[in-house]
Amino acid sequence: MRYLYFVLILVVFSACSNEIDLYADWENIPVVFGLVEADGTDQYLRVERVFQGEDGNAFDAAQNIDSIYYSNASVFITNETTGASTLLEKTEVSSTLNLDRDPGLFAREPNFLYKLDADDLSYQAGDMLTLELFQNGVDVPFSVAQTNILQPVEYIPNSSDIISFRPGKPTSFNFEFGPNSKLFDLILYLNITEFDSADESITEKSIKWVVARGVNIPDEVTAFYTYSIQGDGFYAALLDNLEVVPTVTRFFGEISVEFIAAGEELKLFNEIAQVNTGITSAQEIPVYSNLSNGLGIFSSKSTSRVDELTLSEVTIDSLRNSELTEALNFN
């Protein structure tokens, strides 16, 4: 099961004038965020709308579910490769799937997402999907977006399945990707067992270490890519997530490596979002969306995860004896 969970904040500068018109005629502007993956599971997309706050109070309106959700919208996805189409189900996921919306400006409950049922629409890598939004029974969509399903991304461990982290030395991660993958995240899961001699308790911990987020794949790289980091980051991740407790002895377990690749649409979205606009002559912040009408993106992603990797003996020795981590009591 995959889901996408976003909060969108819109910032608007006024034009260069002493008079500011805070209101304009209402427009039907959807906000869509969805990353579809060809993994045979149910997918969840967020479909909401831009609103104008009543009496000028947008903060109050953001807490009103009638302001942020469509009550009469239909969301269809068509596989252009096969011609099959399906209607997505509007689903309240807080109570059914325990997927709570992050705290913020917007109402947290109910939390509506649109479910793409894996049994209702089949697709595979290379297929083109079209998202269409309809409203009030009109047979012409008011917004359309398309994306290609990405080829699988594959993490390529070394022959021994052993990872080594040495301070001041690089650690490399290799992966293979399809032609439409444009950026990636690299995440490591560090599994640790703790034994507390004070009460003889045993605790299993898994640290999620986001090694890299939103890294662009160079245009000249076509299939294989090696991404290197400094080994110091490994020790910093442990220090950030573990407390020094004299009675606790720790044992390092297995490591899981996860690569998440995404398509061109998300790459462009990130690039525009990261632009340092300052106060431009037009005083406008650029926005990218691949919707024909609206904000947000409809794109694809591909995930590869390899478990049961181990640390090298050199790294284990560093954990035990280095000044950085010796107080964490690794055995």
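Below, the figures for the structure above:
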read-out	value
Dipole of the range 200-267, positive end: most advanced residue of Thr247, Ala237, Trp209 [Cβ charges, Cα centre]	Thr247
Test item: Cα-centred dipole of the range 30-149, Lys/Arg +1 and Asp/Glu -1 on Cβ, debye	160 debye
Where labels lie 7 Å past Cα in the beta-carbon direction, separation of Ile316 and Asn191 in nm	1.5 nm
Taking only Cα atoms of the range 130-207, radius of gyration then Dmax in Å	23.1, 69
Whole-Hz ³J(HN,Hα) from phi, Karplus 6.51 cos²θ - 1.76 cosθ + 1.60, for the range 211-221, glycine and proline x	6, 8, 9, x, 7, 6, 7, x, 4, 6, 8
Förster-model FRET efficiency, 41 Å R0, Leu239 and Thr41, C-beta, rounded to 0.05	0.70
Descending Cα extents along the principal axes, the range 30-149, whole Å	48, 33, 20
Cβ-Cβ FRET estimate between Asn158 and Val138, R0 fixed at 56 Å, reported to 0.05	0.50
Distance (nanometres) between label positions extended 7 Å along Cα→Cβ at Phe224 and Asn72	5.8 nm
Rounded FRET efficiency, nearest 0.05, which uses the C-beta distance separating Ala327 from Asp199 and R0 of 22 Å	0.60
Estimated inter-spin distance, Ser172 and Arg213, nm [label 7 Å along Cα→Cβ]	2.8 nm
Karplus (6.51, -1.76, 1.60) ³J(HN,Hα), θ = phi - 60°, over the range 287-301, in Hz, Gly and Pro reported as x	10, 10, 8, 9, 7, 5, 8, x, 10, x, 9, 10, 9, 10, 9
Hydrodynamic radius (Kirkwood) for the range 174-317, which is based on Cα pairs only, to one decimal in Å	18.4 Å
Relative packing of 242-248, 141-147, which averages over residues the other C-beta atoms within 10 Å, highest first	141-147, 242-248
Dipole-positive endmost among Val144, Phe134, Pro157 within the range 127-196 (Cβ charges, Cα centre)	Pro157
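The numbers here are math on the coordinates, done by the rules we state, and not lab data. Small disclaimer: the values here were computed from a predicted structure and weren't measured. We place every Cβ from the backbone using ideal geometry, glycine too, and count neighbours over all the protein chains shown.
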